[in-house]
């Protein structure tokens, strides 16, 4: 179970060895209790509070605590002090970032990302006969960008990263343009926008990505990898480059959840609010998204390497596979 604290002023502490969540609703205080054995992580939005006793209980039970900004972007986490790893993995990770091995993984992840975009659009095309030709045209263009990515040959990522970003960016613009055209006119959007989101769709998508970032970081850490040591994304101070690299094939999870909420007309104007220069999700919007996201990510099964797996398990298996493959490269 994910314990998600979205309501401003909510307080998490310990009562009788249980997590007690206190919040005010309609002027009355509510209390909810959760056993630590049933909680896998705690997500705290800005404006909530947690006691040190609750933090300690979480650490003892290997429950990570993620602190989120209002827009869902993770800004930090509490994690037990011994995540378990071997320095050999991180040494190989560093070596790969400087040679063809890193490029191989970047091509793999970006190819999977564009494949996922294409598959989602193909699925949407099936029930939209009047727009099928236009959707197929975008699919073909994205496919051509994928072919360019797959054909790259170089000694390391740094010598071709501008080209890779360009093709990936072009594919992304075509993809999101198509998603926008398939929404009702009220919720169509003009490209991706970040902080702040310029429209409700991007506000939902940014929050979903934020949750996904935190789960990717957790998967990488459990696998013994260094989230800061990536291959392609900018090597800025305190930037978790590997998270931004590894997340690429999994962005489809957030995108599919958000698009389905909008296309099924589950979202309305009451779920977001205007802020300076953009839009932000309110508590109702966050609750709607979080419930659907974790059902899709942690409960529903998908076919993965011949077996039915949750998307969360598939991501963790991929992280372990990545770490194991790095060690094998000698």
Could you check, for segment 174-184, whether at least one of its residues is modelled with pLDDT of 95 or more, outside any helix (DSSP H, G or I) and touching a helix residue (DSSP H, G or I) at 6+ places or on another chain (Cβ under 7 Å)? yes
Every residue from segment 185-218 that is in contact with a strand residue (DSSP E or B) (Cβ under 9 Å, 6 or more places away or on another chain), assigned to a helix (DSSP H, G or I) and farther than 15 Å from residue 254 by Cα: 217, 218
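Residues are listed down the side, and each one gets a yes or a no for (1) over 22 Å from the mean Cα position of the chain (by Cα); (2) modelled with pLDDT of 95 or more; (3) over 29 Å from residue 260 (Cβ atoms):
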{"position": "94", "(1), (2), (3)": "yes, no, yes"}
{"position": "129", "(1), (2), (3)": "yes, no, no"}
{"position": "146", "(1), (2), (3)": "no, yes, no"}
{"position": "151", "(1), (2), (3)": "yes, yes, yes"}
If I ask for residues that are surrounded by 19 or more Cβ atoms within 10 Å (Cβ to Cβ) and more than 24 Å from residue 133 (Cβ to Cβ), which ones from segment 168-198 would you list? 168, 197
Tell me the helices (runs of 4 or more DSSP H) entirely within segment 230-330 that contain at least 1 residues that are touching a helix residue (DSSP H, G or I) at 6+ places or on another chain (Cβ under 6 Å) and closer than 22 Å to residue 106 by Cβ. 241-246, 251-263, 311-328
Scanning for something without any contact (Cβ under 8 Å) to a residue 40 or more places away in the chain and not in a helix (DSSP H, G or I), does segment 135-155 turn up at least one residue? yes
In segment 21-43, residue surrounded by the fewest Cβ atoms within 10 Å (Cβ to Cβ) [restricted to those that are part of a strand (DSSP E or B) and within 26 Å of the chain's Cα centre (by Cα)]: 34
Residues of segment 44-92 satisfying the condition of being assigned to a loop (DSSP other than H, G, I, E, B), exposed (fewer than 15 other Cβ atoms within 10 Å of the Cβ) and at pLDDT 90 or above: 51
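The values are calculated or read from the model by the stated rules, or taken from the named source; none is laboratory data. All values reported here derive from a predicted model rather than from experimental measurement. Glycine also receives a Cβ, built like all others from the backbone with ideal geometry; neighbour counts cover every protein chain displayed.
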